[in-house]
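What follows is calculated from the coordinates using simple rules that are stated; it is not laboratory data. The model shown is predicted, which means the values in this text are computed figures rather than measured ones. Here Cβ is always computed from backbone atoms with ideal geometry, including for glycine, and neighbour counts include all displayed protein chains.
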Amino acid sequence: MSILINWFKSLFKIKKMQNIILFGPPGSGKGTQAARLVEKYGFKHLSTGDLLRSEIKRETALGMEAKKLMDKGQLVPDDVVIGMIDSAVQEAGDSVRGFIFDGFPRNVAQAEALDSLLGGKEMKIDRLLVLEVPEDVIVGRILARGETSGRADDKNEPVIRDRYKVYREYTVAVADYYGDRGLVKEIPGVGKIEEITDLLVSEIDAI
Ligand code: ADP
C-alpha cells in the first residue's frame, strides 16, 4: 500500500514541479529575470555566482580560492559548484515549486552532474531558456553594473571579454546538450525588462 502511495506522490511531484535553467552570456539579465520569475511563480532561485559571492563575503577558504579565479573571469572547479548546488537542492527539500538555475550548469560536465542529482530525486530539467544578447551590449551593461556592483570582475573590459569567451568556449555546449532533447527556447534579451519577462512567462506557461 505504501509503495502505491509513494508512486502516486512521485507522479504528482513530476507533474507539478518545473525546473528551469535560465541561460545566456554574463550580463544577459539572468539574475534580474530570475528575481521576477521567483516573485511570479515562487520558484527557488539557485545562482552559483551568488552562492560563491556569499562564500567570499563570509571569507571562507572556499570563497578565497574561488575569488582568485572569479576576478580573472575563469571558471571555479566543477566539484566546488556541483557540491554547492547539490547541498542547496537537498536543503530546499520537497516542498519547492521548482528551481531556477542561474549561472549553472556552465559546461557539459556540470550539466551531466545536474541531471544525475535531479534524477536521484525523481526530478528533471523542463526547459533551458536562453537570453540572447550580443557581445557589445553585454560589455556595456557589465561595465555600467561595475559602477555599483562592487564586483572586481565587472570593472575591467578585458576580464568581461574573457568571461564572454569562456561562455562561447564551454557554456554554449550546455544549450546543445539540452537542445538534443528539444528543451531549448531562445528569447531576445534586449528590450524592456517587463517585455522580456513576458516572453519567459509564456514559455514557462507552455511547459
Ligand atoms: P556572470 O554571469 O555575470 O558572469 P555569475 O555571478 O554567474 O556572473 O558568475 C561570476 C563568476 O563566478 C564566473 O565568472 C565564474 O568565475 C564563477 N562561477 C559562477 N558559476 C559558476 C559555475 N557554474 N562554474 C564555474 N564557475 C562559476
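General observations
- For the chain, the spread of Cα positions along the three principal axes, ordered from largest to smallest, is 61, 40, 30 Å.
- Cross-link pairs beyond the 21 Å C-alpha cut-off, checked among Lys44/Lys155; Lys124/Lys192; Lys30/Lys185; Lys30/Lys192; Lys16/Lys124; Lys72/Lys185: Lys44/Lys155; Lys124/Lys192; Lys72/Lys185
- Residues Thr148 and Lys192, FRET efficiency given R0 of 25 Å [Cβ-Cβ distance, rounded to 0.05]: 0.75
- Working note: Debye formula, equal point scatterers on the alpha-carbon atoms of region 68-142, no solvent; log10 I(q)/I(0) at q = 0.25 Å⁻¹ is -1.26.
- Computed lengthening from Asp162 to Ser202, 0.36 nm per intervening residue step minus Cα-Cα distance: 11.1 nm
- An ellipsoid equivalent to region 87-204, defined through the eigenvalues of its Cα gyration tensor, has semi-axes of 27, 17, 16 Å when rounded to whole angstrom and sorted largest first.
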